[in-house]
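The structure appears right after this line, and notes come after that.
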Amino acid sequence: MEQKDRELFGSSFGEAADEYAEHRPDYSKEAVRWALETAPGLRVLDLGAGTGKLTTALVAFGAEVIAVEPDPAMLARLCRALPTVRALAGSAESIPLPDRTVDAVVAGNALHWFNMDIAGPEIARVLVPGGILAGLWNIFDDRVEWVAQLDQVAGKWAIGARDTLSRWRTKTSRAHLPNSELAATFGSPEQDEFAHGQLRTADSLMATFATKAGILVMSEQEREVTLDRIRSFLASRSETAIGEFTLPMMTGVLRVQRL
């Protein structure tokens, strides 16, 4: 994605901050544990923290969390939900922290929005030696037949390039390594996936889709056409047509250690 498109898509969430907080999934506890298990301590920066979905899981894990988020509406929603967490306005490209402040930098469904040519050195700057950079993504488990069909019906703007298990590992394998200089600052990346799920109805899953960046930046007409297509598919499937169901998901983690 070009930088201007990344900025457009990445800045779209604020208009749906409340819906994002209500309908986006949380993160697998096992994924959070694995992301942090080799960190030298539990001083953690949640970068691009949004409304605090991952922040909540980090606090529950026992981490001392600093949340940094550029969008005012998302940050305000986080502060209301987690008033005891230190929350700062800032971005991955300009982190408002001193050098060697944290043991881990984590990003929940956000690392792909960072301009890593700039953010990479910033992340390395605030990490202590031996600190961990970890990106976590909630992804659709398209090994399940109806989920794979949903991926085809929804299209690339509703279910993105890294949003399914079959594509996630390849699309994120080098997300932290934009150039050889930064690669020399970190060790070899590790990836793993952890079973997860989200209890949904057809209506609440539609509300989740409506918080996707690709949907938010569409024209009103295009958005209605896309959401109607997804709604019709969900109504046609016995798994999703009536009542609650568990959306099969995974939390994928990319983890790398600062040298």
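Going by how many other beta carbons lie within 10 Å of each one, how would you line up His196, His23, fewest first?
Numbers: His196 22, His23 18.
So the residues, fewest neighbours to most, are His23, His196.
Give me the percent relative contact order of the chain, please, defined on Cα pairs under 8 angstrom at least 6 residues apart. Write down the numbers at each step before the final one.
Numbers: 503 pairs, mean separation 59.9, N = 259.
That works out to 23 percent.
Over what distance in Å are the Cα centres of region 16-95 and region 228-246 separated?
31 Å
How big is D for region 91-183, in µm² s⁻¹ as a whole number, if Stokes-Einstein is applied with the Kirkwood radius of its Cα pairs at 37 °C and 0.692 mPa s?
On the way: Rh = 14.7 Å.
Result for D is 224 µm²/s.
Using +1 at the C-beta of Lys and Arg and -1 at the C-beta of Asp and Glu, which of Ala104, Gly155, Thr226 has the Cα lying farthest in the positive direction of the dipole of the chain?
Most positive-ward Cα: Ala104.
Relative contact order (percent) for region 64-216, with alpha-carbon contacts under 8 angstrom and 6 or more residues of separation? It would help to have the intermediate numbers written out before the result.
On the way: 168 pairs, mean separation 26.7, N = 153.
RCO, region 64-216: 17 percent.
What's the longest uninterrupted piece of the chain once you rule out the GluC sites (Glu not before Pro) that are loop residues per DSSP with at most 11 other Cβ within 10 Å? Working shown, then result.
Values: sites that count: Glu2, Glu37, Glu244.
Within the chain, the longest run free of exposed GluC sites (Glu not before Pro) spans 38-243.
Quick check on the chain: of the DSSP beta bridges with both residues there, what percent are antiparallel, nearest 5%? Each step should come with its number before you reach the end.
Values: 22 of 41 bridges.
Expressed as a percentage, antiparallel bridges in the chain total about 55.
Since every read-out is calculated from the coordinates, none of them should be taken as a lab result. Keep in mind the model is a prediction, meaning the values are calculated, not measured. Virtual Cβ from ideal backbone geometry, glycine too; neighbours counted across all protein chains shown.
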